[in-house]
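What follows is a set of notes on a single structure, which appears directly below.
The values are calculated or read from the model by the stated rules, or taken from the named source; none is laboratory data. All figures in this text were calculated on a predicted structure; none of them were measured in a lab. In this analysis, Cβ positions are derived from the backbone assuming ideal geometry, glycine residues included, and neighbour counts consider all displayed protein chains. Remember, those area values only see protein heavy atoms, side chains included, never the ligands or the DNA or RNA. Shrake-Rupley method; radii C 1.70, N 1.55, O 1.52, S 1.80 Å.
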Amino acid sequence: MSVTGVGQRVVGRDAGDDPVAVPTSPSPRPAPVVGVLALQGAFAEHIAMFAGLGAEAREVRTPEDLEGVDALVIPGGESTTIGKLLVRFGLDEAIRARTADPAPAAEPAADGASSEPAARPLAVWGTCAGLILLARDLGDSGSTVGAPQPLLGLMDLRVRRNAFGTQLDSFEANLLAPDVADHPVPAVFIRAPVIEDAGPEVEVLARLPDGRPVAARQGRLLVTAFHPELTPDPSFHRYFLDLVTA
Amino acid sequence: MTATVPTPVDASVDAPQTSTWTTKAGLARMLKGGVIMDVVTPEQARIAEEAGATAVMALERVPSDIRAEGGVARMSDPDLITAIKEAVTIPVMAKARIGHLVEAQVLEALGVDYVDESEVLTPADDRYHIDKHAFRVPFVCGARDLGEALRRIGEGAAMIRSKGEAGTGNVVEAVRHLREITGGIRRLQTLPREELMTAAKELGAPYGDVVRVAETGSLPVVLFCAGGIATPADAALVMQLGAEGVFVGSGIFKSGDPIRRGRAIVEATTHFRDPERVAAASRGLGAAMPGLDVAKLPAAELLATRGW
């Protein structure tokens, strides 16, 4: 399999299948804490998947809840609802501040000798609605149908909402994602979006048989148009935990 | 299947499958923590979406008007459903009468995202519900207790809502039915395995589902609460009691200020464990819908008793 980009992804993962081994002596890195945005949608399913891998995951409903988390999952749900609530509760600005590249102007706790690791940008994974929210652009932005869709705009993606039609067109498929798993990964698409265009910094991780991209990564940001949290296969959750600690 | 891109070849990657159980029950999972609002016009649908609804229920009359006007309540006009579908991007649900499989077929043909086989409409069949497994569209059904919920799931419902008493603006029946369901689940969890068959008999529910509920401590599908929610505090109440989301029927568009009330109920549903936020959401909403004392309703006017 050809691993493109992200060369060092496999660090500390030689033992293969063992989910998120508790770091022993050679790797002093603390286990990551994953926040799961819990405004609305399938957040409990993500938390259960991370728990199954031995990782700590907690609900995030306010900007204060973002403190102490190393990563954030924006789950499936209704993108207009989640987008509006993000803005209403000030989470959009809080997430932008935490994902900005130079370490955020963290509180001047000012005890210089702090042994804390330098704050790194928040790793974020958006599934389905989360993919829409992370994109910079909507393919249907010219449409007058529906309420305005607030976007975080963190990834160089143009996406199309409800790209497959109505609920009757929701589907399950097995996808090849060689950087993520050495087997076909079961994927559930529910009123799903699709990536129409991706910038040069975006690495496509999986495509539909017709070639359309449905999983992608840009640095510490990951998106999937489908729902790994509705399947028994934790490959994408494990991949995200690796991405967080990489 | 003709792959036109150089994806690695793997025979185990098969053709996509639509309308699987996972996609049907999965859409309800995406609606969790949200508010599904009854709307009777495209304009109301837009207001609901703007307020933060996760889906709308398209119908001709809200339950309080059905109650007031009487007569036979049927599936809505397809033109209305289509107009509402075209007005919003969130999922659109619509109601079919209990047992009216052709109304359900029509709704599927219209491309609604969920069919509600609903006691709010006048039943078309006084003994049998629709075989919902036979449809590609997913169904939500009402239930007053665990047995009724598991019968509907056995027939293929991919989402359950506790019934409450629609169109009353009175949350007491919603609470009663929700507690019946969650309490029924807790009781099953305490039973030794040899008692589960008799429990299934007494519940009037499929044995396999009874065993599964006893083992997992939850329904195999998402559980929402409906029928009488009129305020942000009502919504937070039923969420604290174990609902995974709420349906609000007459409560929004029969109130003084639907957009503010809609937003407030959405916020209270998200922050249901945070009294300060529920308090903030409850300020200045204007008049709630007028309510009815359910205990004073004649038995013949109760909607929740419809369902077999």
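A simple packing score, the average count of other Cβ atoms within 10 Å per residue, orders the peptides A:153-166, A:54-67 as A:153-166, A:54-67, with the highest score first.
Give me the net charge of B:Gly228's neighbourhood, meaning all other residues with Cβ under 9 Å from the Cβ of B:Gly228; Lys, Arg count +1, Asp, Glu -1.
On the way: positive: none; negative: B:Glu165, B:Glu173, B:Asp234.
Neighbour charge sum, excluding B:Gly228 itself: -3.
Each Lys and Arg adds +1 at its Cβ and each Asp and Glu adds -1 at its Cβ; summed about the Cα centre, the protein assembly as shown shows a dipole of about 740 debye. Does any residue of segment B:65-90 lose at least 20 Å² of accessible area with all protein chains in place compared with its chain alone, and if so which ones (probe 1.4 Å)? The answer is B:Glu86, B:Thr89, B:Ile90 - residues whose exposure falls by at least 20 Å² when every protein chain is included. Residues whose amide H falls under 5 Å from that of A:Val36, counting only those 5 or more places apart or on a different chain, are A:Arg58, A:Glu59, A:Val60, A:Val73, with hydrogens built in the peptide plane. Averaging the sequence gap over all C-alpha pairs within less than 8 Å and six or more residues apart, then dividing by the number of residues, gives segment B:204-248 a relative contact order of 38 percent.
Return the calculated 222 nm mean residue ellipticity for chain B, to the nearest 500 deg cm²/dmol, obtained by summing -39500 (n - 2.57) across DSSP H runs with n ≥ 4 and dividing by the residue count.
Numbers: 13 runs with 129 residues, N = 308.
Helices in chain B give a 222 nm mean residue ellipticity of -12500 deg cm²/dmol.
Neighbouring Cβ atoms from other chains, within 10 Å of the Cβ of residues in A:72-84, number 5 on average.
What does the charge add up to near B:Gly167, with Lys and Arg as +1, Asp and Glu as -1, over the other residues with Cβ less than 12 Å from its Cβ? All intermediate terms of the calculation are to be shown ahead of the outcome.
Details: positive: B:Arg61, B:Arg67, B:Lys163, B:Lys254; negative: B:Asp38, B:Asp65, B:Glu69, B:Glu119, B:Glu165, B:Glu173, B:Glu301.
Local charge sum for B:Gly167: -3.
Taking all protein chains together, B:Val210, B:Val72 sort by accessible area into B:Val72, B:Val210, largest first [probe 1.4 Å]. State whether segment A:154-246 is rounded, prolate or oblate according to the following rule on the C-alpha gyration tensor (a ≥ b ≥ c being the square roots of its eigenvalues): a/c under 1.5 gives rounded; otherwise a/b larger than b/c gives prolate, and the remaining case gives oblate. In terms of gyration-tensor shape, oblate. Take the alpha carbon gyration tensor of segment B:118-212, find the square roots of its eigenvalues, order them as a ≥ b ≥ c, and report rounded if a/c is under 1.5; if not, report prolate when a/b exceeds b/c, else oblate. In terms of gyration-tensor shape, oblate. Counting heavy atoms of the protein chains alone, A:Ser235 has an accessible area of about 10 Å² for a 1.4 Å probe.
Here's the list of lysines a cross-link from B:Lys201 could span, going by alpha-carbon distance under 24 Å and ignoring same-chain residues fewer than 8 apart: B:Lys132, B:Lys163.
Evaluate the relative contact order of chain B (contact order divided by residue number), counting alpha-carbon pairs under 8 angstrom at least 6 apart; express in whole percent. Averaging sequence separation for qualifying contacts and normalising by length gives 19 percent for chain B. Relative contact order of segment A:140-246: 23 percent, from C-alpha pairs under 8 Å at least 6 residues apart in sequence. Inter-chain Cβ neighbour count for B:15-28, averaged per residue, equals 6 (cutoff 10 Å, partner chain atoms only).
In this structure the amide hydrogen of A:Ala206, modeled in the peptide plane, comes within under 5 Å of the amide hydrogens of A:Val214, A:Ala215, none closer than 5 places in sequence on its chain. Overall form of chain B: rounded. Here a/c, set by the Cα gyration tensor axes a ≥ b ≥ c, is under 1.5. DSSP beta bridges confined to the protein assembly as shown are antiparallel in about 30 percent of cases.
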